[in-house]
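Colleague: Have a look at the structure that comes next, please.
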Amino acid sequence: MSFNALKEKSTPLEKQLRNWHEITKKPFNKTEADCYTRTRQILMNGIEIEAWNFKHNFSRTTTDNEVQEFLAVSKRIEDAQQTTVNWLTPADQSVLETTLGYEQVAVEMTAWMAQNEPDEYVKETFDFGLLEDFDHLYRYSQWAYMEHGISPNDIVQGNTDVILGRPTQYHHNCNIVRLRKPYDKATASPQTKVNIYTLVSGEQQTHNFYAEHGMQYGSQCIRETYAEIKDVEEEHVTMYESLIDPTESWYEKLLLHEFTEVCTYYTCMVDEVDDRLKKIWEMFLDFEIGHLKIAAEIFEKREKRDAEEVIGTDIVIPCRFKSQKEYVKKVLMSEIQKRVTGNKGYADIKDLPEDWASYAIQKKANEEGSPTENVINIITAAKGRDLVIADEELKSNQAKLLEKGLEKVQAPDTVTVEETKKMMKEEEIIHEC
Ligand SMILES: [Fe+2]
Ligand SMILES: [Fe+2]
Ligand SMILES: [Fe+2]
Ligand SMILES: [Fe+2]
């Protein structure tokens, strides 16, 4: 069934003000919530942060009075939406538990997008980033177990595997090497644009969450792990945002931001299993269609073009959360050795030039060790091995995968292939899958 947002009913902007009680809703229950309710809530917080932040940046660059006024009024609405969404987080959900939720968002959503992305080059970039967030989930899971005594399955509920991906120590690149080729705004499909706008928002908020919360742990090793992975999320924002055509005007970007909000809330509303949250997604979808109609009017008046040339005539689904184990396994087995190259392409480790710019970054960043390697050493010292939750095929390939994913130069505390083989013989820590 087609859904042309510009033709659907909406809540007028002047009816979107809410009182404090309406803004601040009851949190979900962390032990009862479906993991994909949590991922939707995490994602939509990131979407609202980006909507609010973009509007402030736009305001600082425009002399267009009508636009200034729309931005002034709607910024407050975006901000209140952010409060509602983020504050659904229960107070007893620890920083590490929330962190596992953030990485589950990245894994499941990037995998969904890769399979629903019409542009081959953009898809390749999604597959590349996917293996990095997948590895973050594995590293943070070790801490969640050691620090809070929880199984990662308390959060990911058996839907996402927990095993090494491309080792995090190799996610540190020269940021110039991370830059990708932008899509062409004239020919790219709305799906491509919405996929990227959504993913940039998610990655940016992941970075912000680690930046604001990593210091809440007293353990220096945990703090360093957050510092290391936060830096990777910064690279992810750089990588994904560089896919956006920089020649889109501010008006076009405004239109695409509102359309992205419409598409993400629409998907959340259709997919949500919790009736209470479904109502929130539905209410905010109606708000966003209201924003979109005004953004489309502004765009059409200034650019003398039809908004449908940019956003099409149907909704786009950017964030359908479901288990992606099979897809992730396929990418993991075939692409763990892949790296970004300076010509905005990709290469296997063995084909990298001696002067690959990221070597210098990795050498400096990891000169005294990589905290994400150290965590495996620490759990191994305590328990004999790492915590892994995956099917037998993946588990039996752990050492082989690591061998493929390691570069010649390694952080001094790198867990070796031999050590991994030894670990694999030890009894597993959690036997619940
Ligand atoms: Fe919003
Ligand atoms: Fe990540
Ligand atoms: Fe990421
Ligand atoms: Fe909006």
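The values are calculated or read from the model by the stated rules, or taken from the named source; none is laboratory data. What you are looking at is a predicted structure, and each value in this text was computed from that prediction instead of being measured. Cβ coordinates were reconstructed from backbone atoms using ideal geometry, including for glycine residues, and neighbour counts include every protein chain displayed.
Colleague: For the stretch 320-343, does any single residue satisfy the condition of being at positive phi and either within 16 Å of ligand 4 (Cβ to nearest atom) or not charged (D, E, K, R) (or both)? Explain how you work it out, then say what you get.
Modeller: Initially, the stretch 320-343 is screened for residues at positive phi, giving none.
Taking every residue of the stretch 320-343 in turn, none turns out to be at positive phi and either within 16 Å of ligand 4 (Cβ to nearest atom) or not charged (D, E, K, R) (or both).
Colleague: State which residue is surrounded by the most Cβ atoms within 10 Å (Cβ to Cβ) when the search covers only the stretch 119-158 and only residues that are of a type in the set (Ser, Thr, Tyr), assigned to a helix (DSSP H, G or I) and away from ligand 3 (no atom under 16 Å from the Cβ). First the steps, then the outcome.
Modeller: Narrowing the stretch 119-158 to residues of a type in the set (Ser, Thr, Tyr): 121, 125, 138, 140-141, 145, 151.
Now drop any that are not assigned to a helix (DSSP H, G or I), which leaves 121, 125, 138, 140-141, 145.
Subset that is away from ligand 3 (no atom under 16 Å from the Cβ): 121, 145.
Working: Tyr121: 15, Tyr145: 22.
Applying the filter and picking the extreme gives Tyr145.
Colleague: Continuing with this model, one more query. State yes or no: is Ile361 surrounded by fewer than 19 Cβ atoms within 10 Å (Cβ to Cβ) and among the β-branched types (Val, Ile, Thr)?
Modeller: For Ile361, the condition - surrounded by fewer than 19 Cβ atoms within 10 Å (Cβ to Cβ) and among the β-branched types (Val, Ile, Thr) - is met.
Colleague: Looking only at the stretch 306-361, which residues are of a type in the set (Asp, Glu) and closer than 26 Å to Phe259 by Cβ?
Modeller: First pass over the stretch 306-361, keeping only residues of a type in the set (Asp, Glu): 306, 308-309, 314, 326, 335, 348, 351, 354-355.
Asp306, Glu308, Glu309, Asp314, listed by residue number.
Colleague: Could you tell me how many of the residues in the stretch 129-147 are more than 17 Å from Lys400 (Cα to Cα) and touching an Asp or Glu at 6+ places or on another chain (Cβ under 7 Å)?
Modeller: The number of residues fulfilling the criteria is 6.
Colleague: Continuing with this model, one more query. If you take just the helices (runs of 4 or more DSSP H) that sit entirely in the stretch 9-113, which of them hold at least 2 residues that are within 16 Å of ligand 3 (Cβ to nearest atom), crowded, with 19+ Cβ neighbours inside 10 Å and charged (D, E, K, R)?
Modeller: Details: elements: 20-23, 35-59, 65-86.
Ranges flagged: none.
Colleague: Can I ask one more? What tally of residues in the stretch 331-381 results from selecting those that are farther than 24 Å from Glu418 by Cα, free of Cβ contacts under 8 Å to residues at least 60 places away in the same chain and polar (S, T, N, Q)?
Modeller: 1
Colleague: Please specify each residue of the stretch 278-308 satisfying the condition of being over 24 Å from Lys75 (Cβ atoms) and in contact (Cβ under 8 Å) with a residue 60 or more places away in the chain.
Modeller: Matches in the stretch 278-308: Glu308 only.
Colleague: Next question, about the same structure. For Thr264, work out the one condition from (1) within 16 Å of ligand 3 (Cβ to nearest atom); (2) surrounded by 20 or more Cβ atoms within 10 Å (Cβ to Cβ); (3) under 23 Å from Gly101 (Cα atoms) it doesn't fulfil.
Modeller: Among (1) within 16 Å of ligand 3 (Cβ to nearest atom); (2) surrounded by 20 or more Cβ atoms within 10 Å (Cβ to Cβ); (3) under 23 Å from Gly101 (Cα atoms), Thr264 violates only (1).
Colleague: List pairs: first residue in the stretch 200-217 and among the hydroxyl-bearing types (Ser, Thr, Tyr), second residue more than 10 Å from ligand 3 (Cβ to nearest atom) and part of a loop (DSSP other than H, G, I, E, B) anywhere in the structure, Cβ distance under 6 angstrom, at least six positions apart or on different chains.
Modeller: Pairs found: none.
Colleague: Quick one: which residue in Thr24, Thr99, Thr83 is more than 25 Å from Phe299 (Cα to Cα), within 16 Å of ligand 2 (Cβ to nearest atom), assigned by TED's automatic domain parsing to the domain that holds Trp281 and not charged (D, E, K, R)? Explain how you work it out, then say what you get.
Modeller: Numbers: Thr24 fails: within 16 Å of ligand 2 (Cβ to nearest atom); Thr83 fails: within 16 Å of ligand 2 (Cβ to nearest atom).
Of the residues listed, the single one that is more than 25 Å from Phe299 (Cα to Cα), within 16 Å of ligand 2 (Cβ to nearest atom), assigned by TED's automatic domain parsing to the domain that holds Trp281 and not charged (D, E, K, R) is Thr99.
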